[in-house]
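See below for the structure under consideration.
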Amino acid sequence: MPASLVLTNGHIYTLDLANPRATAVAIRDDQIMAVGDDDAMKELLGPGGEWVDLGGRFVTPGLVDAHVHFQHFAISLQTADLDRAATRAEALERIAAFAVRHPETGWLRGRGWSQDAWPDRAFPTAADLDAVVPDRPAYLAHKSGHAAWANSAALKLARIDATTPDPPSGQIQRDADGNPTGIFFEDAMELVAAYIPKPTPAEVADAMRQAQAYCWSVGLTGLHDFDGRDCFTALQLLREAGELGLRVVKNIPVYRLEHALGVGLRSGFGDDWLRIGGVKIFADGALGSRTAAMIAPYEGEPDNLGIVVTEKEEMLEKARQANAGGLSMTIHAIGDRANHDVLDVYELLRREERANNRPRLRHRIEHVQVLHPHDLNRLADLNVIASMQPIHATSDIDMADRYWGVRARYSYAWRTMLDSGALVLFGSDAPVERIDPLPGIHASLTRRRANGYPGPEGWFPEQRLSLAETLYAFTTAAAVTAGQERHQGSITPGKLADLTIFDRDLTATPADELLDVGIAGTVVDGVFRYRTW
Ligand SMILES: [Zn+2]
């Protein structure tokens, strides 16, 4: 059987130790057929097959974003984008412009604001928002996803006033008189969000069609999703229609654990397009809202240890149930206390796996944002995967220094994790950050922002990774995490033909210039989904 597609004259970076570099690759239908030199690969081409000259472009296994909220990302492409608004005034200008472009009368939605990036660091108010959106309810999610900003129309619709109590794991921000300011933290966000009409799965699937095209244009061929049931339904709708063009690992929120166990769902069920990952639990909150659970108080806030979203005992109980049913765990932990608790849970879980002769499931921690020095080796010791987001490090530099002080030394500690022997997995946490992998690759190699901040050395530069380590974290590590390493994660004959094509040789590109690199093409399942030449 001949090749259907042959790519020649490139820099093929296979991430396959048996054959690390080549100039050409031959593909038969959905699979890598052979990897080698131009002449040998061209000979494999059958009649009607396509030959593509890469013109020196750089090819890696398809990049996978291992932490995405895909439904939220897809919907976010249809909401006001406040990411990187430098001031409250700029945020309000963008909202006003969005309101003009979207005159429809329903909820105005937005995301990505962060008062931490504004000069006065003061939270905005409902009144600020009323000035630009007086006519309809507005709800704007904080960059962290752990706070929200609503206008007066939204508060009125949700019947929230000075008499509304805080929910158990959330807080309504109030002024000196006890009146709600328009800012909601954690579970209090739902007091407003519950009133926003939910898109149907078919509407979500529509949004995902656009979103996956965007993913191809930035070089992604797969993702691990952390949204809920409607997201899973929408993904299945796309898959049924033969339109799903990304390899998706679907994680399950813990509030659906009983249902998942009830139908006997196990991690790894599904196919190469859509498969079940682990059960997602939140151990704590986030850094920006100072709700990440810490062992010692936040700098300058002697009473603030953050918020424990799920107590250790409850986490263990859920993890035990999941584990016994063959479901791996994937636990959100930001603060050192949260990470410590999760590691304790995994320690007991590993013991039970051994005692009951169960397979060692591929458990992960999401973010691993700051670790206590005593816990630095525990992920490796327990064979727990460190699912991290390089772009968070450079976004969070100032917050981490300010709120964690000297503890920031062990935050976003990719190098420490790798050197300890842990598997490091990379993603973006989109829509919290942009889904584009290149800014993440740049952050991983430089520990600097696009504008060079905080200087030539980078932030805790000893934590920088090499290009090879970074690409591994975006490819092979994702395949290993999901138990897909036999089919994905390297350019190896027999594996699926998922490729990311960059416009220049990354190994010859100075790290500082990585943000100038473009994605030249994306191949999924042996088909060009995106191509610039
Ligand atoms: Zn997330």
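The values are calculated or read from the model by the stated rules, or taken from the named source; none is laboratory data. Every value quoted in this text rests on a predicted model; they were computed, and no experiment measured them. All Cβ positions, glycine included, derive from the backbone under ideal geometry; neighbour counts span all protein chains shown. In case anyone asks, the SASA skips ligands and DNA or RNA and just uses the protein heavy atoms, side chains included. Shrake-Rupley method; radii C 1.70, N 1.55, O 1.52, S 1.80 Å.
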For VAL263, indicate whether it is crowded, with 20+ Cβ neighbours inside 10 Å and hydrophobic (A, V, I, L, M, F, W, C).
no
Answer with yes or no whether GLY458 is in contact with a helix residue (DSSP H, G or I) (Cβ under 6 Å, 6 or more places away or on another chain) and either part of a loop (DSSP other than H, G, I, E, B) or free of Cβ contacts under 8 Å to residues at least 60 places away in the same chain (or both).
yes
Among residues of the stretch 345-355 being touching a residue at least 12 places away in the same chain (Cβ under 8 Å) and either within 16 Å of the ligand (Cβ to nearest atom) or of a type outside the set (D, E, K, R) (or both), the residue most open to solvent (accessible area, probe 1.4 Å) is LEU348
Which one of the conditions (1) more than 22 Å from PHE474 (Cβ to Cβ); (2) modelled with pLDDT of 95 or more does LEU418 fail to meet, given that it meets all the rest?
(1)
Away from the ligand (no atom under 16 Å from the Cβ), at negative phi, in a loop (DSSP other than H, G, I, E, B) and among the aliphatic types (A, V, I, L, M) - does that describe any residue in the stretch 321-341?
yes
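When the stretch 503-533 is examined, which residues are found to be outside any loop (DSSP other than H, G, I, E, B) and either open to solvent by 70 Å² or more (accessible area, probe 1.4 Å) or not hydrophobic (A, V, I, L, M, F, W, C) (or both)?
Listed by number, the residues that qualify are THR507, ALA508, ASP512, GLU513, ASP516, GLY521, THR522, VAL527, ARG529, TYR530, ARG531.
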Write out, first by first residue and then by second, each pair whose Cβ atoms fall under 6 Å of each other, whose residues are 6+ apart or on separate chains, and whose first residue, in the stretch 219-238, is open to solvent by 10 Å² or more (accessible area, probe 1.4 Å) while the second is more than 16 Å from the ligand (Cβ to nearest atom) and hydrophobic (A, V, I, L, M, F, W, C).
ASP230/VAL204; LEU237/ALA205
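Being within 24 Å of PRO137 (Cβ to Cβ) and assigned to a loop (DSSP other than H, G, I, E, B) is the requirement here; does ASP16 meet it?
Values: within 24 Å of PRO137 (Cβ to Cβ): no; assigned to a loop (DSSP other than H, G, I, E, B): yes.
No.
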Looking only at the stretch 456-481, filter to residues that are open to solvent by 20 Å² or more (accessible area, probe 1.4 Å) and among the small types (Gly, Ala, Ser); which one of those is nearest to THR394 (Cα to Cα)?
SER466
May I ask you to list pairs of residues, at least six apart or on different chains, whose Cβ atoms are under 7 Å apart, with the first in the stretch 239-256 being within 16 Å of GLN212 (Cα to Cα) and the second being open to solvent by 40 Å² or more (accessible area, probe 1.4 Å)?
ARG239/TRP273; GLU243/ARG209; LEU244/TRP273; GLY245/ARG529; ARG247/ASP272; ARG247/TRP273; VAL248/TRP273; LYS250/PHE232
Against the condition open to solvent by 10 Å² or more (accessible area, probe 1.4 Å), touching a residue at least 60 places away in the same chain (Cβ under 8 Å) and of a type in the set (Asp, Glu), how does ASP37 come out, does it pass?
no
If you take the residues in the stretch 40-74 that are of a type in the set (Asp, Glu) and in contact (Cβ under 8 Å) with a residue 24 or more places away in the chain, which one is farthest from the ligand (Cβ to nearest atom)?
ASP53
Out of curiosity, is GLN31 away from the ligand (no atom under 16 Å from the Cβ), in contact (Cβ under 8 Å) with a residue 24 or more places away in the chain, open to solvent by 10 Å² or more (accessible area, probe 1.4 Å) and polar (S, T, N, Q)?
yes
Name the residues in the stretch 169-192 that are part of a loop (DSSP other than H, G, I, E, B) and surrounded by fewer than 18 Cβ atoms within 10 Å (Cβ to Cβ), would you?
SER169, ASP175, ALA176, ASP177, GLY178, ASN179, ASP187
Is there any pair linking a residue in the stretch 125-146 that is of a type in the set (Ser, Thr, Tyr) to one that is assigned to a helix (DSSP H, G or I), with Cβ under 9 Å and at least six apart or on different chains, and which?
TYR139/ALA154; TYR139/MET189; TYR139/VAL192; TYR139/ALA193
Considering each residue of the stretch 266-289, count those that are open to solvent by 40 Å² or more (accessible area, probe 1.4 Å) and within 30 Å of GLN171 (Cα to Cα), and give that number.
1
Against the definition (touching a residue at least 40 places away in the same chain (Cβ under 8 Å), assigned to a helix (DSSP H, G or I) and of a type in the set (Ser, Thr, Tyr)), how does TYR195 come out, yes or no?
no
